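Participant: Structure in structure tokens, see below.
The values are calculated or read from the model by the stated rules, or taken from the named source; none is laboratory data. Everything numeric here is computed off the predicted structure, so don't read it as measured data. No Cβ is skipped: glycine too gets one built from the backbone with ideal geometry, and neighbour counts run over all protein chains shown. These area figures cover heavy atoms from the full protein model, side chains too; ligands, DNA and RNA do not enter into them. Shrake-Rupley method; radii C 1.70, N 1.55, O 1.52, S 1.80 Å.
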Amino acid sequence: VQLQASGGGLVQPGGSLRLSCAASGIIFRPNLMSWYRQAPGKQRELAAAIRSADITQYADSVKGRFTISRDNEKNTVYLQMNSLKAEDTAVYYCRYWANGAEYWGKGTQVTVSS
């Protein structure tokens, strides 16, 4: 499974970005797709996750601001990020998990700064 993430960039505080992660290869279902993030000097942490049944999970720090969704036809997961804050600055990684195996995409940088 290969994961291709895109959509990162520089945005001002209060702005929005949408990240996309397209999975290719042999895709098993059910599966769990997630967005993790890692800020400089900090451990990687879960931002949001979504299961095949569209059950979602969010870190407390992003609840109400981020929305994770998926398009099973396109094997793509999205992360809509609104009301961005400086503390959201991090490298965002897409993760795919199914049948006990996990795959990670290369990260995409999100920088929130004025």
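Participant: How large a share of the accessible area of the stretch 17-76, in percent, is made up of carbon and sulfur atoms when the probe is 1.4 Å and the other protein chains stay in place? Can you show the working numbers first?
Facilitator: Details: 1670 of 3480 Å².
Carbon plus sulfur share of accessible area: 48 percent.
Participant: Under the definition of Cα pairs under 8 Å and six or more residues apart, what whole-number percent is the relative contact order of the chain?
Facilitator: With pairs under 8 Å counted, the relative contact order is 37 percent.
Participant: Checking the cross-link filter: which lysines have an alpha carbon closer than 29 Å to that of K74, excluding same-chain neighbours under 8 positions apart?
Facilitator: K63, K106
Participant: Apply the Karplus parameterisation 6.51 cos²θ - 1.76 cosθ + 1.60, with θ equal to phi minus 60°, to every residue of the stretch 12-26 and state each ³J(HN,Hα) to the nearest whole Hz, in sequence, with x for glycine and proline.
Facilitator: 7, x, x, x, 10, 9, 10, 8, 10, 9, 9, 9, 9, x, 8
Participant: Residue by residue through the stretch 67-73, what is 3J(HN,Hα) from phi via Karplus (6.51 cos²θ - 1.76 cosθ + 1.60, θ = phi - 60°)? Round to whole Hz and write x for glycine and proline.
Facilitator: Couplings: 9, 9, 8, 9, 10, 5, 5 Hz.
Participant: Taking only C-alpha pairs under 8 Å that are 6+ residues apart, what is the relative contact order of the stretch 25-76 in percent? Walk me through the intermediate numbers first.
Facilitator: Working: 58 pairs, mean separation 14.2, N = 52.
Relative contact order here is 27 percent.
Participant: Can I ask one more? Which whole-number value in Å² is the accessible area per residue of the chain, probe 1.4 Å?
Facilitator: Details: 6230 Å² over 114 residues.
Spelled out: the 1.4 Å probe surface of the chain, per residue, equals 55 Å².
Participant: Quick one: Karplus J couplings for the stretch 39-56, per residue in order, coefficients 6.51, -1.76, 1.60, θ = phi - 60°, nearest Hz, x for Gly and Pro?
Facilitator: 8, x, x, 10, 6, 5, 9, 6, 9, 7, 9, 9, 8, 4, 7, 6, 7, 10
Participant: Right, next: In debye, nearest 20: dipole of the chain around its Cα centre with unit charges on the Cβ of K, R (+) and D, E (-)?
Facilitator: 60
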